[in-house]
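Notes follow once the structure below has been shown.
What follows draws every value from the coordinates through simple rules; no lab data is involved. Owing to the predicted nature of the structure, the values given are computational and were not obtained by experimental measurement. Cβ coordinates were reconstructed from backbone atoms using ideal geometry, including for glycine residues, and neighbour counts include every protein chain displayed.
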Amino acid sequence: MTLTDYPAAARASTLAWPEALKGIAFGGDYNPEQWPEEVWDEDIHLMGEAGVSLVSVGIFSWVMFEPEPGVFRFDWFDRLLDKLHAAGIAVDLATPTAAPPSWFYYLHPEAWVVDADGRRLGPGSRGMCSPNSPAYQEASARITTALAQRYGHHPAVVMWHVHNEYGAPVAECHSHDSQHAFRHWLKQRYGSLDRLNEAWGTTFWGQLYGKWEEVRTPGSAASVINPAQRLDFARFSDDVLLQCFIRERDIIRQYSPSRPITTNFMATSCPSVNYWRWSREVDLVSNDHYLTAVREDAHILLSMDADLTRSLAGNRPWMLMEHSTSAVNWQPYNLAKSPGELARNSLAHVARGADGVLYFQWRAARRGAEKFHSAMLPHGGTSTRIWQELKTLGTQLDELAQLKGSTNTAHVAILWDWESFWAQDLEWRPSIDLNHRERIEAFYTQLWRDKIAVDFAHPESDLSHYKLVIAPQLYLMSAPTIQNLNNYTTSGGHLLISYFSGIVDEEEAIHQSGVAFPLTKLLGITLDEFAPLRPEQSVSISLQEDTLTGDVWTDRFHAQPGTKIIASYLDGPATGGPAITRKDFTTGGTAWYLSTRLTQEGLKVLLDLVYKHAGITPERNLPEDLEIVSRHLDHTEYRFYINHSSTDATVQLPEFTELLTGPQKESEIQVPGGEVRIVKMPHSRRAD
Ligand code: GAL
């Protein structure tokens, strides 16, 4: 990878958004095969009533399309597409390869996924077969070709949706074919067995390989498996899924060259897929998001997911392919959304760049595994609260058509790297309480509360346009990353790095430099020793007049001459030593190091200091739970106010038009508790 590989905006594709979709697309997964054909007319009529403009179809219909190997039945689907088209509803046509027919499993037991314990995962559910199985690849190509040939130019079909949520429910396979494919992949990567032995450090514990045939996928073993082997297996598993996508995509392109192709991501919730790579291969980025219902801060995590998706899309419009109108059915506690939450959630995605709002699914299922999942049309039909709220949202989205194509601007980036997460999440780390995700959420939460727009960025991407870059626990850093961060700070950027960052390289080997720590030059510190804390142990830190609290981790480290000690440990294993440091560059840039896990309050104090250096102004005079996000188009700003509390909020504003509720009192906007207001005004560049 090089700098120009990220973000997705750099990719070559010229197709981006289905031309036929006007305004903000609205709709959901439509699975008509779950219902007798008589119901379809009612469905389509009600879709019209709700303002639905786009439905995803065919996702789980493989066996309905191909009831026997090589025997196709499309008559029912022709009728469906014609009806949808006649009603003016556009179709996002899915390839059904996430749900192979039972005949396929029956004929090809060798294609079943094998897990790390050697268990074979068979039919009766959904989820693909082994991505490395030639039979699966061939059958997928056959059904994809048949669909693309038949519907590639159908007027209803405006875009393609390949597969469903690659990486879920399983991403890794240890079948016979997978062993073979893994070895092949390693040969390509390393060229020789000697190089593989070196990269995996196989002299440790006497694992040296003498023949390629000895090399296996990292299944269950007596003790911890070689971490470099596991990291490569994670890379390989991601790569073979991506190849599955590319194979289907290229078939579709052959027969349907003018329709954009996507596959639905799960930005923050699929740990096994490196979406930075995938986003370069799709024509448009689409994403599925479901609230973690029991978390009080679920709405903040939603924003984080949307911001990551927008970043993957290179700040181009993206599509929210799935979310829920209310409860899901697969969490331990499936809480129904509160009144108004449906609109708050959907509009929060729009605020953060989505030009399409779709749900899983159109009509609630009577049978099957997901019958307790909410839908656009609930079991209770059109008299339900959900239906009423959905219809209102449909009308509101019509009002928002003018927002289409507008973009977000952020001056702060948080570094996000799946390869680093894969490496850090392996076993036998210095503390089981090290948790990169928890830290990213903590930093993001403070920025969200301060109403500061945030992008996520790959560590090797061009960071020069950000005022502030935050790297919370970026365990794996490549040489280009280290170079990139050095360039960023020496050119005047402001960088905040927290503990357990820059520890290993791409081969999962501890970095070698004078003091075995690659950030020495960048941060102006030398790291002596990790000093993790006991469970429940905390440490005190003095920072000017404040005493902050940390837990989980401390470092014994030294500030080099010229590096400022911003805070010191008052107790704990690093007593008297630095806790937070700052190196200043002549260009005005700064590099901050934070060596413990601060409480949320502590992060706020630290970030206030960092903001001052970076020229960022947090918004602290408005209620914390009032989400404020802007999209811009030419000289117009669309500012979203989403009130997540039950208390009404008032915001002073100079000149504006409110898009959802019409005229408001001049110079101030009222945002009732639980509601959303969107104002249109001349573009003003906020300081942050
Ligand atoms: C998604 C999946 C959908 C449906 C939904 C339920 O992950 O793509 O098919 O299962 O979850 O929340």
Among Leu347, Ile510, Trp330, flag the residue with its Cα farthest along the positive direction of the charge dipole of the chain, charges on Cβ as +1 for Lys/Arg and -1 for Asp/Glu. Ile510
Looking at segment 336-400, I'd like the Rg to Rh ratio, where Rg is from alpha-carbon atoms and Rh is Kirkwood's inverse mean 1/r. 0.98
Taking a temperature of 4 °C and a viscosity of 1.567 mPa s, what whole-number D in µm²/s does Stokes-Einstein yield for segment 636-684 with Rh from Kirkwood over alpha carbon pairs? 120 µm²/s
If all Cα-Cα distances of segment 410-529 are sorted into 10 Å bins from 0 onward, what percent lands in each bin, rounded to whole numbers? 13, 46, 34, 6, 0
Consider all pairwise Cα distances in segment 287-341 and report the whole-number % of them above 16 Å. 46 percent
From the C-alpha coordinates alone, can you work out the Kirkwood hydrodynamic radius of the chain, in Å? 26.8 Å
Exposure proxy ranking, count of Cβ atoms within 10 Å, fewest first, for Ser272, Ser326: Ser272, Ser326
Once amide hydrogens are built 1.01 Å from N within the peptide plane, the residues lying 5 or more places from Gly577 or on another chain with amide H under 5 Å from its amide H are Tyr569
So how long is each side of segment 49-138 along the principal axes, counting just the alpha-carbon atoms, biggest first, in Å? 50, 27, 20
Relative to the Cα centre, what is the charge dipole magnitude of segment 495-588, using +1 at the beta carbon of each Lys and Arg, -1 at the beta carbon of each Asp and Glu, and rounding to the nearest 20 debye? 380 debye
Cβ density ranking, 10 Å radius, fewest first, applied to Val170, Val676 yields Val170, Val676
Which residue, Ala442, Gly524, Gln473, has the largest displacement toward the positive end of the dipole of segment 426-573 when charges sit on each Cβ (Lys, Arg +1; Asp, Glu -1)? Gly524
Residue-ordered couplings for segment 300-307, obtained by feeding phi - 60° into the Karplus form 6.51 cos²θ - 1.76 cosθ + 1.60 and rounding to whole Hz (Gly and Pro as x), are 6, 5, 4, 4, 4, 4, 5, 5
Convex hull around the C-alpha positions of segment 127-215: the volume in Å³ per residue is 137 Å³
Under the definition of Cα pairs under 8 Å and six or more residues apart, what whole-number percent is the relative contact order of segment 605-688? 31 percent
Percentage relative contact order, segment 298-443, counting C-alpha pairs under 8 Å, at least six apart: 23 percent
Give me the percent relative contact order of the chain, please, defined on Cα pairs under 8 angstrom at least 6 residues apart. 11 percent
Among Ala298, Gln207, Ile251, whose Cα sits farthest toward the positive end of the charge dipole of the chain (+1 at Cβ of Lys/Arg, -1 at Cβ of Asp/Glu, about the Cα centre)? Ile251
In debye to the nearest 20, the charge dipole size for the chain, taken about the Cα centre with +1 at each Lys and Arg Cβ and -1 at each Asp and Glu Cβ, equals 620 debye
According to the Kirkwood expression over distinct Cα-Cα pairs, how big is the hydrodynamic radius of segment 549-656, in Å? 17.3 Å
What's the magnitude of the charge dipole for segment 388-442 around its Cα centre, counting Lys and Arg as +1 and Asp and Glu as -1 at the beta-carbon? Answer in Debye, nearest 20. 180 debye
Separation of alpha-carbon centers, segment 405-462 and segment 519-554, rounded to whole Å: 20 Å
Residue exposure sequence - Glu438, Glu33, Glu508, Glu427 - by fewest surrounding Cβ within 10 Å: Glu427, Glu438, Glu33, Glu508
Amide hydrogen neighbours beyond the local backbone of Tyr499, cut-off 5 Å, H modeled: Gln473, Leu594, Thr596
Add -39500 (n - 2.57) for each DSSP H run of 4 or more in the chain, then divide by its residues: what number comes out at 222 nm, to the nearest 500 deg cm²/dmol? -9000 deg cm²/dmol
As a quick test, which of the pairs Lys22/Lys451; Lys521/Lys604; Lys451/Lys680; Lys467/Lys564 have an alpha carbon distance above 25 angstrom in this structure? Lys22/Lys451; Lys521/Lys604
Roughly what would the spin-label model give for Asn334 and Ser464, points 7 Å off Cα along C-beta, in nm? 5.1 nm
Can you compute the modelled spin-label distance between Asp398 and Asn487, with each label point 7 Å from Cα toward Cβ, in nm? 5.0 nm
Can you pull the one-decimal nm distance between simple spin-label points at Lys564 and Gln652, each 7 Å off the Cα toward Cβ? 3.2 nm
Given the peptides 149-161, 650-662, arrange them by the average over their residues of other C-beta atoms within 10 Å, most packed first. 149-161, 650-662
